[in-house]
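The values are calculated or read from the model by the stated rules, or taken from the named source; none is laboratory data. Since we're looking at a predicted model, the values are computed, not measured. Positions of Cβ are backbone-derived with ideal geometry, glycine not excepted, and every protein chain shown enters the neighbour counts. The accessibility values were calculated without ligands, DNA or RNA, using every heavy atom of the protein model including side chains. Shrake-Rupley method; radii C 1.70, N 1.55, O 1.52, S 1.80 Å.
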Amino acid sequence: MNVVDPIIQIEHVNTFFGSFQALTDVSLTVQPGEKVVVIGPSGSGKSTLLRTINRLEKISSGSIVVDGHALDDPSQDINKIREEVGMVFQSFNLFRHMTVLKNLTLAPVKLKKQQKSQAEKHAMELLAKVGVADKASSYPVQLSGGQQQRVAIARALAMNPAIMLFDEPTSALDPEMIGEVLDVMVTLAREGMTMVVVTHEMGFAREVADKVVFMDGGRILEIAPPGTFFDYPVHERTRTFLKQIL
Amino acid sequence: MSEKQVIIDVGDGAAIPRPEDKGLLSAWWLSFLGTLAVLAYLLIFHPDPYLRLLKFLPDGIIVTFQVTIASICLALLLGLLAGLGRISRNRIVNLVASTYVEIIRGIPLLVQLFYIYFALGRIVRVPDMVAAIIALGFCYGAYMGEVFRAGIMSIDHGQTEASLSLGFNRSQTMRYVILPQAWRTILPPVGNEFIALLKDTSLVSIIAVSDILRRGREFASESFLYFETYTLIAIIYLLITLVLSKILSNVEQRLSHYERR
């Protein structure tokens with residue numbers, strides 16, 4: 001049994017958008033180094049759940065503790081917590097007015113007060129790691145979708161986060177570019193990064209996940225290791241979903 | 001991925017020619033060369049009174065530019081504050097900014113000019129030119145506020161989310177991520193406002209500021225050459241706005257470099 005404190009602890013969370021309940025009594029713990037893949041039909045609340053972890057979405061009740069910091073504690077600086085939690089978006093969201101290199105160095109220089117040269121050195125290492133070092137001086141519009149997403153991953157890593165959140169990172173990509181992004185994510189997982197990934201890529205879930213979370217209608221219906229989850233799903237709704245998607 | 005640039009057309013300044021707008025570009029050259037030709041004709045074949053008049057006006061041209069530049073600086077500052085205020089989540093800030101915009105937009109500029117000139121005059125004695133700059137600055141600040149607001153809102157919300165997720169707070173996000181991008185969208189309408197403002201400075205001639213128009217009126221009332229005077233004044237305004245619109249169009253092109261592949 002793992003005796004380390006969980007790095008993310010979500011307990012009995014409810015979230016409302018107006019009168020619509022997006023999350024209902026959601027609880028989930030993530031251990032350091034664990035890879036959690038969240039799947040479910042669209043509108044199931046999986047992206048909302050992910051976005052509550054760095055408070056891009058506020059919760060209505062319940063509690064979320066990230067790396068020892070309670071998100072609803074007013075004495076906690078949410079911006080400091082966000083520095084610890086990298087996020088990768090479906091639509092990349094690279095800063096369009098900056099070169100790739102500047103996209104990576106902006107936050108370390110302004111927020112972590114790193115020297116520009118030091119930040120650039122680190123940025124170049126990260127760009128090499130995700131395979132786009134030759135694009136350092138390009139602007140985002142000059143890159144393909146797959147390249148942009150790899151840069152977005154590198155940008156998040158530039159802050160040396162303890163946790164990485166991925167919100168459908170391959171859903172906006174052309175099929176031939178999905179592989180190059182997933183490869184980077186697999187490498188990251190192998191290096192021991194704590195990851196919470198919302199995705200439709202079942203192959204990735206099977207290969208990388210320590211546990212798979214299935215959501216529907218704003219609730220978590222099932223949490224299981226991938227082997228159990230895919231081969232012996234317990235819940236009827238899970239079975240229907242897997243049948244449709246596989 | 002929407003790469004299409006949002007163009008906010010306020011449309012009370014001179015049209016700014018873009019390279020892709022062939023019609024407007026040739027219209028610009030036609031107007032510019034035509035105006036120059038007319039000016040040259042008048043100065044060469046009718047040096048009296050036109051050359052005499054032209055020598056009488058430079059002071060006024062300088063005043064017009066001084067008023068324009070000082071007012072646009074004030075208007076940009078107020079416009080940025082008003083624009084940020086209008087999108088603020090703080091209800092009081094939002095209400096103050098919105099009320100400013102509503103009130104100013106509902107009063108004709110000429111009335112505002114009189115009002116600030118005389119109302120201010122009851123409290124403190126300010127030079128005519130300062131009163132003119134304050135009135136123009138406050139008026140254009142309200143319009144500029146809407147331009148800033150639209151420019152900021154035109155930036156994809158994903159940019160804000162990416163910035164917040166890295167740990168930037170809201171004002172850092174505005175400063176490093178949103179405003180540098182919004183500026184490009186904002187620049188064309190701000191350029192339009194600048195040119196519109198330059199034209200509207202002619203109103204200040206009414207409150208004893210010696211701009212181009214007032215200098216012209218002084219000349220005309222002494223010489224009774226009304227037609228000639230206003231012909232030349234129209235030509236000067238036209239040349240200034242044409243040159244400015246060309247400059248702005250070039251600046252705009254340069255700022256859009258990161259959009260091109």
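Just a few scattered comments:
- Selection count, segment A:145-176, where residues are within 14 Å of another protein chain (Cβ to nearest Cβ), within 24 Å of A:ASP134 (Cβ to Cβ) and among the β-branched types (Val, Ile, Thr): 2
- Hits in segment A:182-200 (condition: aliphatic (A, V, I, L, M), outside any helix (DSSP H, G or I) and open to solvent by 10 Å² or more (accessible area, probe 1.4 Å)): A:MET193
- Test: residue in segment A:26-38 that is part of a loop (DSSP other than H, G, I, E, B) and closer than 20 Å to A:GLU222 by Cα: yes
- Selection count, segment A:9-42, where residues are of a type in the set (Ser, Thr, Tyr) and in contact with a Pro (Cβ under 8 Å, 6 or more places away or on another chain): 1
- Residue count for segment B:126-159, restricted to those that are under 16 Å from B:LEU198 (Cβ atoms) and of a type in the set (A, V, I, L, M): 6.
- Helices (runs of 4 or more DSSP H) enclosed by segment B:128-213 - at least 2 residues per element that are more than 14 Å from chain A (Cβ to nearest Cβ), β-branched (Val, Ile, Thr) and farther than 25 Å from B:GLN253 by Cα: B:128-153
- Test: residue in segment B:113-126 that is among the aromatic types (Phe, Trp, Tyr), surrounded by 18 or more Cβ atoms within 10 Å (Cβ to Cβ) and out of contact with any His (no Cβ under 6 Å at 6 or more places or on another chain): yes
- Hey, B:SER163 surrounded by fewer than 19 Cβ atoms within 10 Å (Cβ to Cβ) and over 29 Å from B:VAL111 (Cα atoms) or not: no
- Hits in segment A:66-109 (condition: over 25 Å from A:ASP134 (Cβ atoms), β-branched (Val, Ile, Thr) and facing another protein chain (nearest Cβ under 9 Å)): A:ILE78, A:ILE81, A:VAL85
- Comparison of A:GLY179, A:GLY203 shows that the only residue that is under 18 Å from A:LYS129 (Cβ atoms) and part of a helix (DSSP H, G or I) is A:GLY179.
- Residues that are open to solvent by less than 30 Å² (accessible area, probe 1.4 Å), more than 24 Å from A:GLU120 (Cα to Cα) and out of contact with any strand residue (DSSP E or B) (no Cβ under 8 Å at 6 or more places or on another chain) within segment A:150-177 comprise A:THR170, A:LEU173, listed in sequence order.
- Yes/no for B:LEU203 being touching a helix residue (DSSP H, G or I) at 6+ places or on another chain (Cβ under 9 Å), touching a residue at least 24 places away in the same chain (Cβ under 8 Å) and surrounded by 23 or more Cβ atoms within 10 Å (Cβ to Cβ): no
- Residues that are part of a helix (DSSP H, G or I) and crowded, with 19+ Cβ neighbours inside 10 Å within segment A:206-225 comprise just one, A:VAL208.
- Within segment B:83-97, considering residues that are part of a helix (DSSP H, G or I), without any contact (Cβ under 8 Å) to a residue 60 or more places away in the chain and closer than 20 Å to B:LEU179 by Cβ, the one least open to solvent (accessible area, probe 1.4 Å): B:ALA97
- The listed residue being in contact with a Phe, Trp or Tyr (Cβ under 7 Å, 6 or more places away or on another chain), at pLDDT 90 or above, within 25 Å of A:PHE95 (Cα to Cα) and of a type in the set (Gly, Ala, Ser), out of B:ALA142, B:ALA182, B:ALA162, B:ALA150: B:ALA162
- Considered as a group, the residues in segment B:175-206 that are among the charged types (D, E, K, R) and over 28 Å from B:LEU164 (Cα atoms) include one that is nearest to the chain's Cα centre (by Cα), and that residue is B:GLU193.
- Test: residue in segment A:34-47 that is open to solvent by less than 60 Å² (accessible area, probe 1.4 Å), within 30 Å of B:TYR176 (Cβ to Cβ) and in contact with a Lys or Arg (Cβ under 9 Å, 6 or more places away or on another chain): no
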